[in-house]
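The values are calculated or read from the model by the stated rules, or taken from the named source; none is laboratory data. Please read all numbers here as calculations on a predicted model, not as lab measurements. Glycine also receives a Cβ, built like all others from the backbone with ideal geometry; neighbour counts cover every protein chain displayed.
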Amino acid sequence: MRRDTRTTVVAGNWKMNMTPSQTTLLINEMKTALPENPACKVVLCVPFVDIAAAVEAVKGSVIEIGAENVHFESKGAYTGEISASMLVECGVKYVIVGHSERRQYFAETDETVNLRAKAALEAGLTAIICVGETLTEREQGVTAETVARQTKIALMGVSEEMLKNVIIAYEPVWAIGTGRTATAEQANEVCGIIRDVVKALYGEKAAEAITVQYGGSMNAKNAKELLSKTNVDGGLIGGASLKAPDFAEIVKASDQ
Ligand code: 13P
């Protein structure tokens, strides 16, 4: 991590877990487990129906709340969808865009990721844009091309000013929920490739300032090593963000 030029962000992604009452209990546990003055920003991205409980529960703590998806239209006949302004009014500050599970199971494409990212940014949310290669793509040697393409298309039409509210999360699909973490070197290498793409598009200063997270089976044990790498500015945590002590350990590991 380079904390002199950029912000470290440790964010949980609860995915489709936790009811509102469970949300209150888990956040109360987290508030006790987390350090008082963490070296990173702490975010929990929760299911839509848990947002109200989460926003209430984090009051007086360092935790900020994010959503897990957002629709790109501002309103209208899109049954089941949620707009950026709805999220803002509920107290949401961050939103995950283009998670690989959405790309894989819900037909999300690079183009819709771009539309969602722009809608989020225009509403003043911080967009956590996820990119990452599948196992086949890694084995075929096209990891760099894949993440570069995903990053470039996600950022189409995003101004340098808007980029200040962008976080890119490198999440190799083969490492998500599998217990198979990328090595710290692999994570650092690909986060560096993403930073190079940002440099080519926006210049050196923007590339040095952008937060690039790693996600994929990050846990209390491996966080310290992953977060020690210069290009890894935090984590997007799935399973381990559902356990207060484990999530707190990851937050503590950002202090290096
Ligand atoms: P796991 O930490 O459960 O592997 O999930 C990572 C992830 O998808 C975060 O968005």
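The rows are residues; the columns are (1) more than 21 Å from GLY12 (Cα to Cα); (2) in contact with a Phe, Trp or Tyr (Cβ under 7 Å, 6 or more places away or on another chain); (3) at pLDDT below 95.
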| position | (1), (2), (3) |
| --- | --- |
| ALA67 | no, yes, no |
| SER74 | yes, no, no |
| GLY80 | yes, no, no |
| VAL88 | no, no, no |
| ARG103 | no, no, no |
| LEU121 | no, no, no |
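Could you check VAL158 against (1) touching a strand residue (DSSP E or B) at 6+ places or on another chain (Cβ under 8 Å); (2) within 14 Å of the ligand (Cβ to nearest atom); (3) not in a helix (DSSP H, G or I) and say which number it fails?
(2)
For TRP14, work out the one condition from (1) at pLDDT 95 or above; (2) more than 16 Å from the ligand (Cβ to nearest atom) it doesn't fulfil.
Failed condition: (2).
Output the residue which, of all residues in the stretch 216-256 that are more than 10 Å from the ligand (Cβ to nearest atom), part of a helix (DSSP H, G or I) and farther than 16 Å from PRO38 by Cα, is farthest from the chain's Cα centre (by Cα).
GLU225
Given GLY132, GLY124, which one is more than 21 Å from LYS224 (Cα to Cα) and within 14 Å of the ligand (Cβ to nearest atom)?
Matching residue, one of GLY132, GLY124: GLY132.
When the residues of the stretch 218-233 are narrowed to those that are out of contact with any Lys or Arg (no Cβ under 8 Å at 6 or more places or on another chain) and touching a residue at least 40 places away in the same chain (Cβ under 8 Å), which ends up surrounded by the fewest Cβ atoms within 10 Å (Cβ to Cβ)?
In this case the residue turns out to be SER228.
Just a yes or no: is a residue in the stretch 200-215 more than 16 Å from the ligand (Cβ to nearest atom), under 18 Å from GLY234 (Cβ atoms) and among the polar types (S, T, N, Q)?
no
Just give me the residues in the stretch 234-256 being surrounded by 19 or more Cβ atoms within 10 Å (Cβ to Cβ) and touching a Ser or Thr at 6+ places or on another chain (Cβ under 7 Å), in sequence order.
Once the filter is applied, which keeps residues that are surrounded by 19 or more Cβ atoms within 10 Å (Cβ to Cβ) and touching a Ser or Thr at 6+ places or on another chain (Cβ under 7 Å), the stretch 234-256 yields GLY234, PHE247, SER254.
Could you give every pair whose Cβ atoms fall below 6 Å, whose first residue belongs to the stretch 61-77 and is on the phi < 0 side of the Ramachandran plot, and whose second residue is of a type in the set (Phe, Trp, Tyr) and assigned to a loop (DSSP other than H, G, I, E, B), counting only separations of at least 6 or pairs across chains?
HIS71/TYR78
Among the residues of the stretch 185-195, count how many are in contact (Cβ under 8 Å) with a residue 40 or more places away in the chain and closer than 16 Å to LEU155 by Cβ.
Result for the stretch 185-195: 3.
Just to verify a result, which residue in the stretch 81-120, among those that are of a type in the set (Gly, Ala, Ser), in contact with a helix residue (DSSP H, G or I) (Cβ under 8 Å, 6 or more places away or on another chain) and in a helix (DSSP H, G or I), is surrounded by the fewest Cβ atoms within 10 Å (Cβ to Cβ)?
So in the stretch 81-120, the residues of a type in the set (Gly, Ala, Ser) come out as 83-85, 91, 98, 100, 107, 117, 119-120.
Narrowing the set further to residues that are in contact with a helix residue (DSSP H, G or I) (Cβ under 8 Å, 6 or more places away or on another chain) leaves 83-84, 91, 98, 100, 117, 119-120.
Still in the list and also in a helix (DSSP H, G or I): 84, 100, 117, 119-120.
Working: ALA84: 25, SER100: 23, ALA117: 28, ALA119: 21, ALA120: 31.
Residue satisfying both the conditions and the ranking: ALA119.
Filter the stretch 38-59 down to residues that are in contact (Cβ under 8 Å) with a residue 12 or more places away in the chain, in a loop (DSSP other than H, G, I, E, B) and farther than 15 Å from ILE237 by Cβ, then give me how many there are.
So the answer is 3.
Take the conditions closer than 24 Å to GLU56 by Cβ and either within 16 Å of the ligand (Cβ to nearest atom) or in contact with a Leu (Cβ under 8 Å, 6 or more places away or on another chain) (or both) and apply them to ILE82. Does it pass? Break it down stepwise before answering.
Details: closer than 24 Å to GLU56 by Cβ: yes; either within 16 Å of the ligand (Cβ to nearest atom) or in contact with a Leu (Cβ under 8 Å, 6 or more places away or on another chain) (or both): no.
Considered against the rule, which asks whether it is closer than 24 Å to GLU56 by Cβ and either within 16 Å of the ligand (Cβ to nearest atom) or in contact with a Leu (Cβ under 8 Å, 6 or more places away or on another chain) (or both), ILE82 comes out as no.
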